[in-house]
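**Q** I'd like to ask you about the structure that follows.
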Amino acid sequence: MSPGSFLGTLDRKLLRDLARIWSQSLAIALVMACGVATLIIALGAYRALEETRSAFYDRYRFAHVFASVTRAPLNLRAAIAGLDGVSGVELRIVRPAVLDMQGMAEPATGVVVSIPDVGEPAVNRLYIRSGRLPSAVRRGEVAVSESFATAHRMEPGSTFSALIDGRKQTLTVTGIVLSPEYIYALAPGDMVPDQRRFGVFFMPRTVLAGIAEMDGAFNDVALRVRRDAKPAQIIDALDDLLRPYGGRGAYERADQMSHAFLDNELVQLRASAIVVPPIFLFVSAFLVNMILSRMIALEREQIGLLKALGYGRAAIAGHYAKLVVLICLCGVMLGFAAGNWLGFGLTRLYARFFSFPFLIFPQNADLYLISAGITVAAALAGATRAIWGVVALPAAVAMRAPAPTRYRSVLAGGRLLHLLFSQLTVMALRHLFRWPARSALTTLGTSLSVALLVTALFSFDSVDFMVDTVFSRTERQHATLTFGNDRSPRALQSVEKLPGVLRAEPFRATAVKLRNKNHERRMSILGLPAQTDLQRILDLDLQPVRLPERGLLVSERVADVLKLGLGDRVEVGLLEHGGRSVFVPVTSIVQSYVGLTAVMDIGALDRLIGDGRRISGAYILADSSKLETLYRAVKQTPAIAGIALKEISRSRFRETIGENISIMMSVYVGLAAIITFGVVYNSARIQFSERAREFASLRVLGFTRAEVSAVLVIELALIVLAAQPLGWLLGYGFAWLVVEGSQSDLFRIPFIIETSTFAVASLVVLGVAAISVLFVQQRVNRLDMVRVLKTRE
Amino acid sequence: MNKQDMTKPVFSAQDVTKVYRSGDVEVHALRGVSLELFEGEMAVLLGPSGSGKSTFLNIMGGLDQATRGTVRFRDLELTACSESQLTRYRRNHVGFVFQFYNLIPSLTAWENVSLVTEIARDPMDPGEALELVGLKERMQHFPAQLSGGEQQRVAIARAIAKKPEVLLCDEPTGALDSKTGIFVLEALSRINRELGTTTALITHNAGIQRIAHRVFSFLDGRIAETRVNETRIEPADVTW
């Protein structure tokens, strides 16, 4: 069968045209592919995470309301279950643990959570990956969270030792499990999950009660509520029930650590799906417009002829629209492939931080349709003007050559101009100003790649700033030791006597609810000595603050969400110690990037609580050469319920960020390179096509290849250079939006962009632009002077 | 032009052949052309399309390379030159005028001329060159603001501004009406006379041949006939 039998003549022209401009089409298709791929990656990962999370939550009955309490009797169960709207109750014992893991000098920490002796929990059920749940009749059996088990190569049957409530236990693993409550399991004091140093363990209630001396009591509540229930009312009622027993205030999922982190991630994914793909769509629409306009200008006479032969407007418009659609299809297919591949990679990356028993990839047919649809729509929108120009042109006019390009006398005549610039430079400048809209859009397109890079890379500046400047200035301790219960200040002396401890400073922490009019937040108030040095508090200019004898210092985030200003009196509702409420003045607004922070003098906090001088733990500075001895001692010290190793947290954080940097760098450099190449290569090609005759003339007049190329290079260099400051500005704006959009109670990202980030972004773009121009310069070198000059323009 | 000048050839071509290969087909554009052009001479190359005159002109101008044979410009063997030597040769010695003007649309008339004077070794003032072709008044116009004849005269001014030793014109009047064409020929003739520039001029128009010292008729890649005009006519007397 000959091609003619199923392809019209115009369609054959179309395919040949496409083959002729394949390199330009490919450059555009790649830009489109980036748009499609980023959309599929971000939305695909968003949906996968969202669906997986909700399936895990539903099937394993993740709780809606949480509360912890010092010690409450189990006979409260009926009252709690009877609260209006409650559909499931689990009263648990949750205790911290210090672990001694083989092959690890530093202690790991964890939490031990009770599960019913028999049967499954009513809420927060466990997914059993392997083995079985521990038995209540055999002591020392435990189920371990999968990430910790994997990090330590544990299997059912493995043993390890742990310090729970001052008692050393040898534990045997019976099963590897996952819990909807610990999808994102973060050790206290850490900024990224460290699977090696933090684990979650599940023990039968009777066994744990025996260790923790909690027979007939619980210290943690998890509730499921009915769909139509009002969680706020349940929380209030639950608080009332638990208050006499040291209730620390119930809270919803939104405040649950693992859930909140996942939410944060989902918000960011959705934001990137909204911000990034439109950049590519815009650039590809502009590029389509650019090459189609040029193509139509070159085919003007052919179009006139087609009209003269009787082809209708629709047929001709359709012909060029088909070309655009074909380019789109290439881009969309490439985008699908890349989106799938990279989406899989991203999901794997998530799997490292989030512990899911399974991953659900929802059917994304609509996503593919939508991304293909908007890509085609954007490209056709870009093509509209060019195509309309063809349609509107009468046949007789179309067949005449267009009038010669008129240049305005911008820069004409002036003596200064000719003193400053050679005629070659004047040529480049005039061409640049001849099509101001096109030049401006080319500049904008290029600047978007700079902006994209700045937006992607600045976060490392912010994180670096956070880690290096702030953490080394505020958290100067090696480790934070936490006691199981508040102790007398004498405990500090015991800490100081631990081997290798050079210095120790006490702290006291208590759970509170801060309220200002109708704004309220749960958090802890941290009490520190006035002359605190290991854990310093910095003001907004990052200068250390001396704690005043009275009053509360709150972080910027707390001041924002509670609408607090200096001198305002904030209501402090104590969640432990009897639940009193006191008004305290805000004496300072301080800097803090992680969590919600409220600080006061430790003496003032003692007075506020009213139970005398107590401490909850200590910050220590240790002799680095004696760390192993210190660690050994900590693992043996019953009073220590937890240890947060700042040094390790920091380096672990840096390591993780470091890995992310290289992944993000290559992804975003790739994306920016594609935009830059798409824009610069296509403008160079079009400039070359428009000016081949001029270039040939210059060669005839005796200008060298390098001199002729200079005309091309000067114009593009001006565009690319002008794009830099614009790109920095746009990048600065995008980055600011990112910072504003990602502020949460968990993190506050400082807005820091180093000069080097602007420089790296520009270097990448300038480098790719130079390569793109080199491709086109080859054509200047191969220019056939004789042929070009012999043809009519 | 006196007898003595005739003894010093500016160009000498020996048995020049040019074969283009287009796929499997060989096109013999020149099949052994030999000629000499002398100082201050005005020569017309005449012939039908495809007779090889343009190919020969391009080889003389350093725009193209011969397949075999030698072409010399004074002591420079063009057929042995590298690409960059040919560029230098065009820059320093040759002026071109084409049928389609080939002006730079983004430069004014004056700027188009100074494009060349900026890189030439001993150029004339761009204004002077434009005055020679009678365009002093329209110096600051862009090509799009000039008529065809005016554009061609700017092209001539641009070609002569470097005071070239040779002026090569490929159908300079091909796109012009008779009145404008005569104007252009007068400019060329005046330059040949006043500056002594050796001029080779391709034309289809047999009427133009009588303004030349010698006429070379091309046919099928060869010179079929060489004729000396005993009496030359003024461009104004050319019948179109």
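The values are calculated or read from the model by the stated rules, or taken from the named source; none is laboratory data. Small disclaimer: the values here were computed from a predicted structure and weren't measured. Don't worry about glycine lacking a Cβ; one is built from the backbone with ideal geometry, like all the others, and counts go over all protein chains shown. When the accessible area is computed, the model is the full protein with side chains, heavy atoms only, and any ligands, DNA or RNA have been set aside. Shrake-Rupley method; radii C 1.70, N 1.55, O 1.52, S 1.80 Å.
**Q** Name the residues of segment A:673-695 whose accessible area falls by at least 50 Å² when all protein chains are present instead of the chain alone, probe 1.4 Å?
**A** Listed in order, they are A:Glu694.
**Q** Another question, if that's okay. Would you mind working out the accessible area per residue for segment A:66-111, using a 1.4 Å probe, and quoting it in Å²? Kindly include the intermediate steps, with their values, before the conclusion.
**A** Working: 1660 Å² over 46 residues.
Ligands and nucleic acids excluded, the figure is 36 Å² per residue.
**Q** Dipole size in debye (nearest 20) for the protein assembly as shown around its Cα centre, Lys and Arg Cβ +1, Asp and Glu Cβ -1?
**A** Details: 113 positive and 96 negative charges, 173 e Å.
Approximately 840 debye in magnitude.
**Q** At 0.36 nm per residue, minus the direct Cα-Cα distance, what do A:Thr656 and A:Lys230 gain on full extension? Give it in nm, one decimal, please.
**A** On the way: separation 426, 0.36 × 426 = 153.36 nm, distance 3.98 nm.
Fully extending the segment from A:Thr656 to A:Lys230 adds 149.4 nm.
**Q** Accessible area per residue of segment A:629-777 at 1.4 Å probe, in Å²?
**A** Numbers: 5560 Å² over 149 residues.
Here the residues of segment A:629-777 average 37 Å² of exposed surface.
**Q** How long are the semi-axes of the ellipsoid equivalent to segment A:64-259, from square roots of 5 times the Cα gyration tensor eigenvalues, in whole Å, largest first? The partial results should precede the final answer.
**A** Values: eigenvalues 163, 61, 49 Å².
Semi-axes (√(5λ), whole Å): 29, 17, 16.
**Q** First select every other residue whose beta carbon is under 11 angstrom from the beta carbon of A:Glu707; then total the charges, Lys and Arg +1, Asp and Glu -1. Working shown, then result.
**A** Details: positive: A:Arg699, A:Arg705, B:Arg91; negative: B:Glu118.
Charge balance in the 11 Å sphere: +2.
**Q** Evaluate E = 1/(1 + (r/R0)^6) for A:Met257 and A:Gln743, where r is the Cβ-Cβ distance and R0 equals 30 Å; express this FRET efficiency to the nearest 0.05.
**A** Values: r = 18 Å, r/R0 = 0.58.
Efficiency computed from Cβ-Cβ geometry: 0.95.
**Q** Related question: Comparing the chain by itself with all protein chains present, which residues of segment B:109-123 are at least 20 Å² less accessible (probe 1.4 Å)?
**A** Flagged in segment B:109-123: B:Trp110, B:Glu111, B:Leu115, B:Val116, B:Glu118, B:Ile119.
**Q** Based on the Cβ-Cβ distance of B:Ser22 and A:Gln543, what FRET efficiency does E = 1/(1 + (r/R0)^6) give at R0 = 60 Å, to the nearest 0.05? Please report the intermediate quantities before stating the final value.
**A** Numbers: r = 80 Å, r/R0 = 1.33.
E(calc), rounded to 0.05, equals 0.15.
**Q** Expressed as a whole percentage, what fraction of the accessible surface of chain B belongs to carbon and sulfur atoms when a 1.4 Å probe is rolled over the protein heavy atoms? Before the final figure, lay out each step's value.
**A** On the way: 4460 of 9850 Å².
Answer for chain B is 45 percent, counting heavy atoms of protein chains only.
**Q** So in segment A:64-259, what percent of DSSP beta bridges are antiparallel if you round to the nearest 5? Could the numbers behind the result be given before it?
**A** Numbers: 36 of 48 bridges.
Antiparallel bridges make up about 75 percent of those DSSP assigns within segment A:64-259.
**Q** While we're here: With a 1.4 Å probe, what is the total accessible area buried between chains B and A, in Å² rounded to the nearest 100? Intermediate values should be presented prior to the final figure.
**A** Working: alone 11300 and 34830 Å², together 43280 Å².
Summing both chains' loss of accessible area gives about 2800 Å².
**Q** Just report the Cα centroid separation between segment A:508-571 and segment A:242-288, whole Å.
**A** So the two Cα centres are separated by 26 Å.
**Q** Ok, one more. Indicate the residues belonging to segment B:82-96 that lose 50 Å² or more of solvent-accessible heavy-atom surface (probe 1.4 Å) upon moving from the chain alone to the assembly of all protein chains, ignoring ligands and nucleic acids.
**A** B:Glu83, B:Arg90, B:Arg91
**Q** Same structure, new question: In segment A:501-622, what percent of the accessible surface is made up of carbon and sulfur (1.4 Å probe, ligands and nucleic acids excluded)? Each step should come with its number before you reach the end.
**A** Working: 2340 of 4970 Å².
Reported share for carbon and sulfur atoms: 47 percent.
**Q** Taking only protein heavy atoms and a 1.4 Å probe, what accessible area per residue, in Å², does chain B have with all protein chains in place?
**A** Working: 9850 Å² over 240 residues.
I get 41 Å² per residue for chain B.
**Q** Here's a follow-up. According to a simple spin-label model (label point 7 Å from Cα along Cα-to-Cβ), what is the distance in nm between A:His418 and A:Ala770?
**A** 3.5
**Q** Return the percentage of antiparallel bridges among DSSP beta bridges fully within chain B, rounded to the nearest 5 %. All intermediate terms of the calculation are to be shown ahead of the outcome.
**A** On the way: 24 of 42 bridges.
Of all bridge pairs located within chain B, approximately 55 percent are antiparallel.
**Q** A:Glu754 versus A:Arg77, label points 7 Å from Cα toward the beta carbon: distance in nm?
**A** 5.7
**Q** If you take the charge dipole of segment A:672-761 about its Cα centre, with +1 on Lys and Arg Cβ and -1 on Asp and Glu Cβ, which of A:Gln724, A:Trp736, A:Ile749 is farthest toward its positive end?
**A** Final value for the positive-end residue is A:Gln724.
**Q** On full extension of the chain, what length is gained from A:Asp464 through A:Arg313, given 0.36 nm per residue of separation minus the C-alpha to C-alpha distance? Before the final figure, lay out each step's value.
**A** On the way: separation 151, 0.36 × 151 = 54.36 nm, distance 5.95 nm.
That pair, A:Asp464 and A:Arg313, stretches by 48.4 nm at full extension.
**Q** Report the one residue of A:Phe583, A:Ala692, A:Ile327 whose Cα lies farthest in the direction of the positive end of the charge dipole of chain A (charges on C-beta: Lys and Arg +1, Asp and Glu -1; origin at the Cα centre).
**A** Checking the options against the dipole of chain A, the answer is A:Ala692.
**Q** If ligands, DNA and RNA are left out, what is the accessible area of A:Val275 with a 1.4 Å probe, given in Å² to the nearest 10?
**A** Looks like 80 Å² after rounding.
**Q** On to the next question. Between helix B:148-160 and chain B, what is the angle of the helix's C-alpha long axis to the longest principal axis, kept within 0 to 90° and rounded to the nearest 10?
**A** For B:148-160 against chain B, the angle is about 70 degrees.
**Q** Once you charge only the Cβ atoms, +1 for Lys and Arg and -1 for Asp and Glu, what is the size of the charge dipole of chain B about its Cα centre, to the nearest 20 debye? Let's see the in-between values first.
**A** Details: 27 positive and 30 negative charges, 54 e Å.
In total the dipole reaches around 260 debye.
**Q** Still on this structure: Once the piece of chain linking A:Ala271 and A:Arg782 is laid out straight, how much longer is it, given 0.36 nm per residue of separation minus the C-alpha distance between them?
**A** Details: separation 511, 0.36 × 511 = 183.96 nm, distance 4.69 nm.
179.3 nm is the gain from fully extending A:Ala271 to A:Arg782.
**Q** Quick check for me: using +1 on Lys/Arg Cβ and -1 on Asp/Glu Cβ, what's the dipole size of segment A:64-259 about its Cα centre, in debye to the nearest 20? Mind dumping the intermediate values first?
**A** On the way: 22 positive and 22 negative charges, 69 e Å.
So the dipole magnitude of segment A:64-259 works out to roughly 340 debye.
**Q** Further, regarding this structure: From a point 7 Å beyond the Cα of B:Leu219 in the direction of its Cβ, which residues of segment B:49-66 have a backbone N at a distance under 16 Å?
**A** Zone members listed by number: B:49-53.
**Q** With both partners inside chain A, how many of the DSSP beta bridges are antiparallel, as a percent to the nearest 5?
**A** Details: 77 of 97 bridges.
Just about 80 percent of them are antiparallel.
**Q** Tell me, how many Å apart are the Cα centres for segment A:580-598 and for segment A:146-166?
**A** Segment A:580-598 and segment A:146-166 have Cα centres spaced 38 Å from each other.
**Q** If you line up the long axis of helix B:83-93 against the longest principal axis of chain B, both from Cα atoms, how many degrees apart are they, to the nearest 10?
**A** So the helix axis and the longest Cα principal axis differ by about 50 degrees.
**Q** Which of the listed residues, A:Asn75, A:Leu528, A:Val711, is farthest toward the dipole's positive end in chain A, when Lys, Arg count +1 and Asp, Glu count -1 at the beta-carbon?
**A** The residue sitting most towards the positive pole is A:Val711.
**Q** Would you list the membrane-span-like helices of chain A, meaning whole DSSP H runs whose alpha-carbon atoms span at least 15 Å along their axis and whose mean Kyte-Doolittle value is at least 0.5? All intermediate terms of the calculation are to be shown ahead of the outcome.
**A** Working: long enough: A:9-20 (16 Å, -0.68); A:22-59 (51 Å, 0.71); A:231-242 (16 Å, 0.70); A:257-298 (62 Å, 1.32); A:313-353 (57 Å, 1.11); A:365-392 (38 Å, 1.43); A:423-434 (16 Å, 0.47); A:436-464 (41 Å, 0.96); A:646-700 (71 Å, 0.18); A:705-741 (51 Å, 1.42); A:755-781 (38 Å, 1.44).
Span-like helices here: A:22-59, A:231-242, A:257-298, A:313-353, A:365-392, A:436-464, A:705-741, A:755-781.
**Q** Of all accessible surface on segment A:64-259 at a 1.4 Å probe, what whole percent is carbon and sulfur? Could you put the intermediate results ahead of the total?
**A** Numbers: 3640 of 7640 Å².
In segment A:64-259, the share of accessible area belonging to carbon and sulfur is 48 percent.
**Q** Quick one: Cα centre-to-centre distance for segment A:660-695 and segment A:307-374, in angstrom?
**A** 21
**Q** Can I ask one more? Can you give me the distance in nm between label points at A:Asn518 and A:Met665, each placed 7 Å from the Cα along the Cα-to-Cβ direction?
**A** 5.0
**Q** Still on this structure: So if R0 is 41 Å, what FRET efficiency would B:Gln140 and A:Ala717 give, r being the distance between their Cβ atoms, rounded to the nearest 0.05?
**A** Values: r = 28 Å, r/R0 = 0.68.
With R0 = 41 Å, the Cβ-Cβ based efficiency is 0.90.
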